[in-house]
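J.: Have a look at this one.
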Amino acid sequence: MYRNTWMEIDLDALYENIERIRKKCGKRLIAVVKAGGYGCGDLAVAKTAIKAGAKMLAVSSVDEALILRNKGYDGKLLILGHSDPEDVSVMVKEKISAPAYSLNWVRRIIEQNCRGLHVHIKVDTGMNRIGFREIGEIRQAMRILEANHCVIEGIFTHFACADTSPEKTEMQFQRFHDIVSALDYPFKWIHCDNSDAAVSLDEKFTNAFRLGISMYGISSYMKDLNYPISLYSRIFLVKKVPAGESIGYGATYTTKEEEWIGTMPIGYADGFIRQNQNRMVYCCGEYVPIAGRICMDQTMLRLPYQMKEGTEVEIFGPHINIETMAKDLNTIPYEILCLISDRVTRVYKRNGQVVAETNGRITESLNWQNIG
Ligand SMILES: *Cc1c(COP(=O)(O)O)cnc(C)c1O
């Protein structure tokens with residue numbers, strides 16, 4: 001690591017969360033590692049999830065699936081979102097399962113060589129994003145897929161309000177239940193729950209669930225999970241600034257008296273967005289305000305006293321909860337995590353010791369054998 005800004009992932013804490021949720025839910029675990037494992041590292045999270053019992057991984061696109069294949073993952077792999085029918089041959093070759101989400105998509109893949117493609121039927125039960133709304137269309141799609149030697153291995157839907165509305169979730173589940181029952185087909189994988197539904201929706205109809213955000217301790221229903229992720233930087237320069245001086249771009253903050261100003265190497269290009277400017281960070285046992293605008297690569301702090309250069313700064317972690325931070329920023333923890341850019345080094349810990357680190361912009365230098 002050549003730049004003192006890093007994200008820490010405690011693999012033991014991550015493992016514990018996954019294992020606990022899997023046991024509580026009692027279904028087969030599909031670990032959702034899209035967007036580079038929500039910014040925490042696709043393969044690191046995937047390996048931890050597999051150790052905790054995951055039987056399949058899910059990603060958002062063909063690209064993300066191929067990244068995992070290139071990193072050596074050869075197990076079950078499902079795309080959740082869009083795939084281009086033109087890419088069907090690579091999906092077949094790499095054994096990547098895809099959702100069949102419209103009649104048009106099905107008609108287009110059979111123009112390619114789709115023999116052997118594994119599909120999960122995507123049912124739209126009220127999210128109104130992707131998926132079939134009509135059972136008649138599903139029947140038609142399944143006939144076409146079977147006639148063209150595709151393997152229909154699963155069926156699934158996705159909830160719009162698993163975190164906020166049990167009523168809406170129940171209604172979506174009923175639609176899904178009724179459609180799957182009416183199809184009367186031996187689907188191997190029947191799944192609808194995301195993290196929140198997995199621990200709140202009590203049903204034995206499905207046999208698998210898709211776990212994403214709660215691996216990282218974020219849940220609307222389980223409030224005692226671990227928080228395995230934290231983000232840190234380090235003050236690299238401390239200076240005394242006289243009263244009446246402005247700090248940073250746009251001169252939005254002016255010193256009221258002689259003040260100690262510290263600078264740390266994190267900015268909006270790291271995903272530490274400019275809306276953070278009125279928030280606090282945590283260092284040396286206290287909460288310290290940000291001074292002035294956040295720059296692309298640097299942020300200034302108003303220090304309570306002359307702190308040492310090299311002082312560690314917590315952006316979120318044990319003292320600044322990521323869910324609170326998300327509320328402050330009028331967003332959700334998913335967005336904060338996904339925005340942390342690949343120039344921030346990821347540091348993986350086990351038994352309190354660093355076992356690997358990776359920086360996407362230098363090299364894939366991670367020692368994966370230390371994680372698996
Ligand atoms: C992202 C995603 C999930 C995971 O959701 P979490 O709320 O993070 O558990 C599950 N299913 C689909 C279709 C998704 O896109």
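J.: Condition first: of a type in the set (S, T, N, Q) and in contact (Cβ under 8 Å) with a residue 12 or more places away in the chain. Now tell me which residues in the range 311-329 satisfy that.
T.: To start, the set of residues in the range 311-329 that are of a type in the set (S, T, N, Q) comprises 311, 321, 324.
Thr311, Asn321 - these are the residues of the range 311-329 that are of a type in the set (S, T, N, Q) and in contact (Cβ under 8 Å) with a residue 12 or more places away in the chain.
J.: Which members of the range 144-168 meet the condition of being acidic (Asp, Glu), out of contact with any strand residue (DSSP E or B) (no Cβ under 6 Å at 6 or more places or on another chain) and either within 12 Å of the ligand (Cβ to nearest atom) or more than 16 Å from Asp196 (Cβ to Cβ) (or both)?
T.: Hits for the range 144-168 are Glu146, Asp163.
J.: Have a look at Leu78, Leu117 and point out the one that is in contact with a Cys (Cβ under 8 Å, 6 or more places away or on another chain) and either away from the ligand (no atom under 16 Å from the Cβ) or within 24 Å of Phe209 (Cβ to Cβ) (or both).
T.: On the way: Leu78 fails: in contact with a Cys (Cβ under 8 Å, 6 or more places away or on another chain).
One residue alone meets the criteria, Leu117.
For every residue, the table says whether it meets (1) part of a helix (DSSP H, G or I); (2) under 30 Å from the mean Cα position of the chain (by Cα); (3) surrounded by fewer than 22 Cβ atoms within 10 Å (Cβ to Cβ).
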residue	(1), (2), (3)
Val106	yes, yes, no
Asn113	no, no, yes
Thr125	no, yes, no
Gly136	yes, no, yes
Leu145	yes, no, yes
Glu153	no, yes, yes
Gln174	yes, yes, yes
His177	yes, yes, yes
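J.: Here's something else I'd like to know. Considering the range 334-372 alone, what residues qualify as being at pLDDT 95 or above, assigned to a loop (DSSP other than H, G, I, E, B) and within 21 Å of the chain's Cα centre (by Cα)?
T.: Ile340, Ser341, Val344 - these are the residues of the range 334-372 that are at pLDDT 95 or above, assigned to a loop (DSSP other than H, G, I, E, B) and within 21 Å of the chain's Cα centre (by Cα).
J.: Specify the residue that is farthest from Ser230 (Cα to Cα); the eligible residues are those in the range 40-95 that are in a helix (DSSP H, G or I) and among the hydroxyl-bearing types (Ser, Thr, Tyr).
T.: In the first step, residues of the range 40-95 are kept if they are in a helix (DSSP H, G or I); the result is 42-51, 62-70, 85-93.
With among the hydroxyl-bearing types (Ser, Thr, Tyr) added as a condition, the list becomes 48, 89.
Details: Thr48: 17, Ser89: 40 Å.
Applying the filter and picking the extreme gives Ser89.
J.: Let me ask something else about it. Pairs needed: first member in the range 16-45, surrounded by fewer than 21 Cβ atoms within 10 Å (Cβ to Cβ); second member anywhere, of a type in the set (Phe, Trp, Tyr) and in a helix (DSSP H, G or I); C-beta distance under 9 Å; at least 6 residues apart or different chains.
T.: Filtered contacts from the range 16-45: Ala35/Tyr334.
J.: Given (1) touching an Asp or Glu at 6+ places or on another chain (Cβ under 9 Å); (2) in contact (Cβ under 8 Å) with a residue 40 or more places away in the chain; (3) within 15 Å of the ligand (Cβ to nearest atom), identify the lone condition not met by Trp6.
T.: Result: Trp6 passes all but (3).
J.: While we're looking at this one, here's another question. Read through the list (1) surrounded by 13 or more Cβ atoms within 10 Å (Cβ to Cβ); (2) on the phi < 0 side of the Ramachandran plot; (3) assigned to a loop (DSSP other than H, G, I, E, B), then give the number of the only condition that Lys308 fails.
T.: Every listed condition holds for Lys308 apart from (1).
The values are calculated or read from the model by the stated rules, or taken from the named source; none is laboratory data. What you are looking at is a predicted structure, and each value in this text was computed from that prediction instead of being measured. Backbone-built Cβ (ideal geometry, glycine too); neighbour counts: all protein chains shown.
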